[in-house]
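**Q** Got a structure for you, written out below as structure tokens; questions coming shortly.
The values are calculated or read from the model by the stated rules, or taken from the named source; none is laboratory data. This is a predicted model, so every value here is computed, not measured. Positions of Cβ are backbone-derived with ideal geometry, glycine not excepted, and every protein chain shown enters the neighbour counts. Each accessible area value is taken on the protein alone, full model and side chains, heavy atoms only, with ligands, DNA and RNA left out. Shrake-Rupley method; radii C 1.70, N 1.55, O 1.52, S 1.80 Å.
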Amino acid sequence: MLAKLKKGKKGDLPDTFWIEDLDTLRALADPTRLQIIELLVKPLSVKEIAEEMAVPRTRLYHHIKTLEQNGLIRVVGERKARALNERVFVAAAKEFRPGPGILEEATGDEMAEALLTTVLDTTRADFIRAVRSGVVRLDEIGEHQLLAVGRCLVRLPEAKAEKFAREVEDLVRRMNEEDTQADEDPVSAFAFVFYPTTRRTP
């Protein structure tokens, strides 16, 4: 899984967008663009996206254009804003995954860089925003179980490693299915990378 969105209230997005070329993957591999896509589980104008992100809308036009050109978001209507009509966008799907086409086009290094930029750089930027805003309190780690951060190395037979990877994917699916979609509930983020490493444990 590359990116998965919190379900929108209408739940009418296509399930999966298969990324078939490196340019599209690179278009997604940007913290600002992924934040935009995460907001677009429901239809929003650029003005509304800017308000949600607390940034000037002029900072978003380039990102919106890149996402639209690569088919990652689409226009679903227009809204009247004073004398102007504002286009309204929505994400192309609920989740984004690399398709078989990209495996033929990209090298392993290119794929790794784009995938990890999408997941880890976006998580880093989002986590820092949460700390700065006070939503995450690092001095309360261990007191409240709303934050879990860590890294470990484990020795697992290949079959058990595959089983664990499937269980993580199932956990994400269950979290999405159990989403209450209540506006007053806080939103949590869950990022993971599970992979065979060249590092050796003692």
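**Q** Ordering Ser45, Ser133, Ser188 by how much accessible area each has at a 1.4 Å probe, largest first, what is the list?
**A** Result, largest first: Ser188, Ser133, Ser45.
**Q** Using modelled backbone amide H atoms (1.01 Å from N, in-plane), which distant-in-sequence or interchain residues come within less than 5 Å of Phe89's amide H?
**A** For Phe89, whose amide H was placed from the backbone, the distant partners under 5 Å are Leu44, Ser45, Val76.
**Q** Given a 1.4 angstrom probe, I'd like the percentage of the accessible area of the chain that is carbon and sulfur, rounded to a whole number.
**A** 52 percent
**Q** Then there's this: Give me the dipole magnitude in Debye, nearest 20, for the chain about the Cα centre, with unit charges on the beta carbon: positive for Lys and Arg, negative for Asp and Glu.
**A** In total the dipole reaches around 380 debye.
**Q** Okay, moving on. Mind ranking Leu116, Leu146 by accessible surface for me, highest first, 1.4 Å probe?
**A** Leu146, Leu116
**Q** Let me ask you something else. With Rg and Dmax of the Cα atoms in Å as the read-out, I listed (1) 17.5, 56; (2) 18.5, 68; (3) 18.6, 58; which label goes with the value calculated from this structure?
**A** Read-out taken from this structure: (2).
**Q** Another question, then. Which of the peptides 26-34, 97-105 is most tightly packed, and how do the rest follow, judged by the mean count of other Cβ atoms within 10 Å per residue?
**A** Working: 26-34: 20.7, 97-105: 13.8.
In decreasing order of mean packing, 26-34, 97-105 become 26-34, 97-105.
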